[in-house]
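The values are calculated or read from the model by the stated rules, or taken from the named source; none is laboratory data. Everything numeric in this text was worked out from a predicted model, so none of it was measured. A quick note on method: Cβ atoms are made from the backbone with ideal geometry, for glycine too, and the neighbour counts reach across all protein chains shown. Protein only, heavy atoms only, side chains kept; ligands, DNA and RNA dropped before computing areas. Shrake-Rupley method; radii C 1.70, N 1.55, O 1.52, S 1.80 Å.
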Amino acid sequence: MYGKGLRPLSIATVAMLALSLSLVFFYAPLDADQGFIQKIFYIHVPLAIVALLGFVAGGVFAILHLRSGDKRWDAYSYVSIHMSVIFGVAVLITGAIWAKASWGHWWVWDEPTLVSFLIVFLLYATYYPFRYAIEDRDRQARYASVFAVAAGAFVPLNFMAVRMAQQLVHPRVFATSSGGLPGEMMLTFLCSLAAMALLWITLVKFELAAKSTSGQVKRLRRALDAPGPANRSRIAPEVS
Amino acid sequence: MTPSRAAFAAILGKDLRAELRTLQSLPAMAIFAVTTFVIFRFGLDRTQLSGDLASGVLWATLLFAAVLGINRLFVTEREEGGFDAIRLAPIDRSVLFAAKATALVIYLLALELIAVPIFALFFLDSVAALGPLVAVLVLADLGLAATGTLISSMAVNSRARDLLVPLVLLPLVVPLMIAATGATEPLLAAGGPGYERFGTWLMVLGLYDLIFVLLGYAVFDFLLED
Amino acid sequence: MIPTLHNPLQMASTQEIPSPAIVLAGLRRDFGDRAALDGVGLELAAGETLVVLGPNGAGKTTLLRILATLLRPSGGAISVLGCALPREAWKLRGQIGYLGHEPLLYRDLSGRENLRFHARLHGLEGAAAEARIDEVLAAAQMDRRGDDRVVELSAGMRQRLAICRCVLHRPALLLLDEPDSNLDAEGRELARGLIGPDAEATRVVVTHDPDRFLPEADQVLRLGIGERAAVA
């Protein structure tokens, strides 16, 4: 049932990605200061925004799980966080490339947004060992939800604290002297953002569909008294 | 239902009585802190500290010493049946969160009562900063106690108990440490205490405390279910 | 403050115990893929004794923990003292005396300090609490060792203290898991006085030892592994 609508969604995602990449390379003007490398901005920033929204979504699903006790919300929360952590790796890599190209170093500590993102990423990276350490399935789901809620509250607090610790904030693409992004850049950026969001939703739906299918296979096997595969995941929630 | 005040007093009193009798956590935390100061003395090869270095050494040490106490916070409840006893009683379960967080604040204050004067004796020129430092310590302790109690209560029911607390707690307290070191750094500056952005940092600490105390209170019920 | 729902001191005597005390229908509890309990059903009148028998792993302790509100059922209808579980578990707490495998006593506190702690959790304070603690300690002949730390006591004495803890707040329902474990003949006799068939409470006793408890039973529940429960 999670597979419903997956095909049109996938097609829309591919189309949107193609459109946004064409805009990035053929439509958006070259940045006056940074030149061609600035185009990584259209990948890096949308990825980061989608990953952060995914973490927030994981927290919202976790609240729904705690309120209703319905294990399905735990699966949503797990998959959201899982996908956002994967996106997070891409954010850190693209951020490092951008930093190397514009400032000459792979990592810069005085870029507060990137540092904040690293800290958020480190916290969510502990989500996996945290789940793994709790054996009872119900308890694992409940504790993981509490983790997701606490981490969700942590995200804005962390961004605020890191930004305040910065004496000097680097000039940002959004805050150019002319005040804001030129029209073509803005359009390209919004397209990229929509493409990344669609990509995230599609991948989340794919993973939920896969989990749901393997859950059904498991139930069928049990009904037929057939032996199941021994190596199933201990931390991923099951979806019915 | 038993009034929450009575249940709170019962749990807190029991914890403090047991700690005073066995001295399981506090001496370990204090000894650990003092040894860490000595390691920093050689690691940094400094006999005098001020400003950012002093603030960093102080907070890193206090945080790691706190982790020792946080690890042990729920061990007796887990091993000697306290969780069951409390769940059988007609009390509001959030009381356990409040009592344990309060106990942790008391342990942390006791730790700082020992460790901070020794830190000053080892590394500082003057003790003028210690007065205003108390405000930073108290606010940071509240936040550390709220997150620590939350994580500890979950870690104790896992099979990686001692691993989980530092693993999850450290990234979670990064904003708290940013604010605490930010406020402490000018206080310990070489030329006498300064108060640059002191109020702002105290407000960040207060905000962190507020958010995590409320959060812990709200979700603690779910952690005691089985 | 939330109003006090009951006074533990007078509960067993004055509070009207709804009859029947326990109703189970289709009770089920899963641990992962495995069903520890599947389709348990019974009805126990107030004041009666239910003896639960079965081999290791049959779910006896699971059943007891569900009745004590310590474990959520996976399915089925459960009513204990008129409270539907798990929804109304909060109403039931404080009316249950639970004696499990663990004594639920802090090792570094004395017996008396432990009992005082439990009394306060159940809303008993001051002179009334002290009197009740003296009473149960005397009944278990633990009054002379009451100020020793639990860690210094033998296993049998810990069990006696655990029995004191279990009956301290005069519960209307006693849930007893192998209540005689670690007790010698004298201890068993003393336990009989506190949690035996003459206690003014409904009792559920889980045991391996049918000879000892069957004579006290009004009802017997036999749990098997992988089969449905049978009520005899």
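Take B:ILE211 and tell me if it is within 11 Å of chain A (Cβ to nearest Cβ), of a type outside the set (Ser, Thr, Tyr) and either surrounded by fewer than 20 Cβ atoms within 10 Å (Cβ to Cβ) or more than 27 Å from B:GLY82 (Cα to Cα) (or both). So B:ILE211 passes the test. The residues of region C:82-91 include none that are touching a Leu at 6+ places or on another chain (Cβ under 6 Å) and either crowded, with 21+ Cβ neighbours inside 10 Å or in a helix (DSSP H, G or I) (or both). Considering the conditions (1) crowded, with 16+ Cβ neighbours inside 10 Å; (2) of a type outside the set (Lys, Arg); (3) more than 12 Å from the chain's Cα centre (by Cα), A:SER68 is excluded by exactly one of them, (1). Give me the residue from region A:119-135 that is buried (at least 19 other Cβ atoms within 10 Å of the Cβ) and touching a residue at least 24 places away in the same chain (Cβ under 8 Å) and, out of that set, farthest from A:GLY152 (Cα to Cα). Looking at the filtered set, the residue picked out is A:ARG131.
For first residues located in region A:202-219 and among the hydroxyl-bearing types (Ser, Thr, Tyr), partners that are surrounded by 17 or more Cβ atoms within 10 Å (Cβ to Cβ) and lie 6+ apart or on another chain with Cβ distances below 6 Å form the pairs A:THR202/A:THR13; A:SER212/A:TYR2; A:SER212/A:VAL239. If you go through region B:175-200 and keep only what is within 12 Å of another protein chain (Cβ to nearest Cβ) and open to solvent by less than 20 Å² (accessible area, probe 1.4 Å), you end up with B:PRO175, B:LEU176, B:ALA179, B:ALA180, B:GLY182, B:ALA183.
Of the residues C:ALA185, C:ALA162, C:ALA127, C:ALA119, which is modelled with pLDDT of 90 or more, farther than 30 Å from A:GLY69 by Cβ and open to solvent by 10 Å² or more (accessible area, probe 1.4 Å)?
Values: C:ALA185 fails: modelled with pLDDT of 90 or more; C:ALA162 fails: open to solvent by 10 Å² or more (accessible area, probe 1.4 Å); C:ALA119 fails: open to solvent by 10 Å² or more (accessible area, probe 1.4 Å).
Within the list C:ALA185, C:ALA162, C:ALA127, C:ALA119, the selection yields C:ALA127.
The rows are residues; the columns are (1) touching a Leu at 6+ places or on another chain (Cβ under 9 Å); (2) modelled with pLDDT under 95; (3) under 30 Å from B:GLY192 (Cα atoms); (4) not in a helix (DSSP H, G or I).
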{"site": "B:THR2", "(1), (2), (3), (4)": "yes, yes, no, yes"}
{"site": "B:VAL57", "(1), (2), (3), (4)": "yes, no, yes, no"}
{"site": "B:LEU63", "(1), (2), (3), (4)": "yes, no, yes, no"}
{"site": "B:ASP84", "(1), (2), (3), (4)": "yes, yes, no, no"}
{"site": "B:PRO90", "(1), (2), (3), (4)": "yes, yes, no, yes"}
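Hey, among B:GLY51, B:GLY81, which residue is at positive phi and within 11 Å of another protein chain (Cβ to nearest Cβ)? When all the criteria are applied, what remains is B:GLY81. Counting the residues of region A:23-52 that are assigned to a helix (DSSP H, G or I), touching a residue at least 24 places away in the same chain (Cβ under 8 Å) and hydrophobic (A, V, I, L, M, F, W, C) gives 13. Of all the numbered requirements in (1) closer than 27 Å to A:ILE134 by Cβ; (2) more than 9 Å from chain A (Cβ to nearest Cβ); (3) open to solvent by less than 30 Å² (accessible area, probe 1.4 Å), B:GLY216 misses one, and that requirement is (2). Taken together, the residues in region A:22-51 that are under 18 Å from A:GLY95 (Cα atoms), surrounded by fewer than 17 Cβ atoms within 10 Å (Cβ to Cβ) and in contact with a Ser or Thr (Cβ under 8 Å, 6 or more places away or on another chain) amount to 2.
Against the definition (open to solvent by 10 Å² or more (accessible area, probe 1.4 Å) and either assigned to a helix (DSSP H, G or I) or acidic (Asp, Glu) (or both)), how does B:ILE70 come out, yes or no? Walk me through how you get there before you give the answer.
On the way: open to solvent by 10 Å² or more (accessible area, probe 1.4 Å): no; either assigned to a helix (DSSP H, G or I) or acidic (Asp, Glu) (or both): yes.
When the stated conditions are applied, B:ILE70 does not pass them.
Checking each residue in region B:14-33 for being surrounded by fewer than 18 Cβ atoms within 10 Å (Cβ to Cβ) and either more than 30 Å from C:LEU109 (Cβ to Cβ) or within 8 Å of another protein chain (Cβ to nearest Cβ) (or both) picks out B:ARG17, B:ARG21, B:THR22.
Would a scan of region B:191-205 turn up a residue that is without any contact (Cβ under 8 Å) to a residue 40 or more places away in the chain and in contact with a Phe, Trp or Tyr (Cβ under 7 Å, 6 or more places away or on another chain)? No: region B:191-205 contains no residue that is without any contact (Cβ under 8 Å) to a residue 40 or more places away in the chain and in contact with a Phe, Trp or Tyr (Cβ under 7 Å, 6 or more places away or on another chain).
Does region B:117-126 contain any residue that is in contact with a Phe, Trp or Tyr (Cβ under 8 Å, 6 or more places away or on another chain), free of Cβ contacts under 8 Å to residues at least 60 places away in the same chain and in a helix (DSSP H, G or I)? Walk me through how you get there before you give the answer.
Initial filter on region B:117-126 (in contact with a Phe, Trp or Tyr (Cβ under 8 Å, 6 or more places away or on another chain)): B:118-119, B:122-123.
Still in the list and also free of Cβ contacts under 8 Å to residues at least 60 places away in the same chain: none.
Checking region B:117-126: not a single residue is in contact with a Phe, Trp or Tyr (Cβ under 8 Å, 6 or more places away or on another chain), free of Cβ contacts under 8 Å to residues at least 60 places away in the same chain and in a helix (DSSP H, G or I).
The residues in region B:55-83 that are in contact with a Phe, Trp or Tyr (Cβ under 6 Å, 6 or more places away or on another chain) and more than 30 Å from C:ASP108 (Cα to Cα) can be counted, and the count is 2. Does region B:146-161 contain at least one residue that is within 12 Å of chain A (Cβ to nearest Cβ), open to solvent by 40 Å² or more (accessible area, probe 1.4 Å), touching a helix residue (DSSP H, G or I) at 6+ places or on another chain (Cβ under 7 Å) and assigned to a helix (DSSP H, G or I)? Yes, because at least one residue in region B:146-161 is within 12 Å of chain A (Cβ to nearest Cβ), open to solvent by 40 Å² or more (accessible area, probe 1.4 Å), touching a helix residue (DSSP H, G or I) at 6+ places or on another chain (Cβ under 7 Å) and assigned to a helix (DSSP H, G or I). For region A:103-145, a residue qualifies if it is among the aliphatic types (A, V, I, L, M), within 9 Å of chain B (Cβ to nearest Cβ) and within 19 Å of the chain's Cα centre (by Cα), and the qualifying residues are A:ILE119, A:VAL120, A:LEU122, A:LEU123, A:ALA125.
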